[in-house]
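These notes are about the structure you will find just below.
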Amino acid sequence: MVCSKTLQIYDGMSISLGPFIITPYLVDHSAYDAYAIQIEADGKKLFYSGDFRGHGRKRKLLDRLVAHPPVKIDTLLMEGTTLSRGSDVIQTINGHRFRKSRLF
């Protein structure tokens with residue numbers, strides 16, 4: 001079955017789909033037009049991001065996301081291709097340190 005509707009998304013502009021409110025955040029990535037997304041439903045918020053970078057053509061997008069992050073997130077879901085490299089401890093841009101969870 002092919003969907004006959006096309007939905008345009010724009011950086012920072014929320015859309016409603018049934019019970020969900022979805023807000024896309026444009027990120028710097030090697031894939032064109034990559035987004036992190038916040039999904040809200042039933043008073044809960046999930047923020048999902050695939051891997052992203054801060055050294056590409058759109059590197060200022062990472063700075064913007066760090067300066068103005070989504071607020072009151074209940075769940076943060078992230079993936080990355082470099083999690084298996086280096087130290088077992090991750091240090092964030094603002095100095096917080098986290099131990100990596102097990103890799104599956």
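The values are calculated or read from the model by the stated rules, or taken from the named source; none is laboratory data. All values derive from a computational prediction rather than experimental measurement. Backbone-built Cβ (ideal geometry, glycine too); neighbour counts: all protein chains shown.
For this structure, a couple of remarks:
- Within segment 15-46, restricting attention to residues that are touching a Lys or Arg at 6+ places or on another chain (Cβ under 8 Å) and not in a loop (DSSP other than H, G, I, E, B), the residue that is farthest from Leu77 (Cα to Cα) is Leu26.
- Of the residues making up segment 11-28, those that are closer than 16 Å to Val71 by Cα and not hydrophobic (A, V, I, L, M, F, W, C) are Gly12, Ser14, Thr23, Pro24, Tyr25.
- Enumeration of residues in segment 14-67 that are loosely packed, with under 13 Cβ neighbours inside 10 Å, among the aliphatic types (A, V, I, L, M) and at pLDDT below 85: Ala31, Val66
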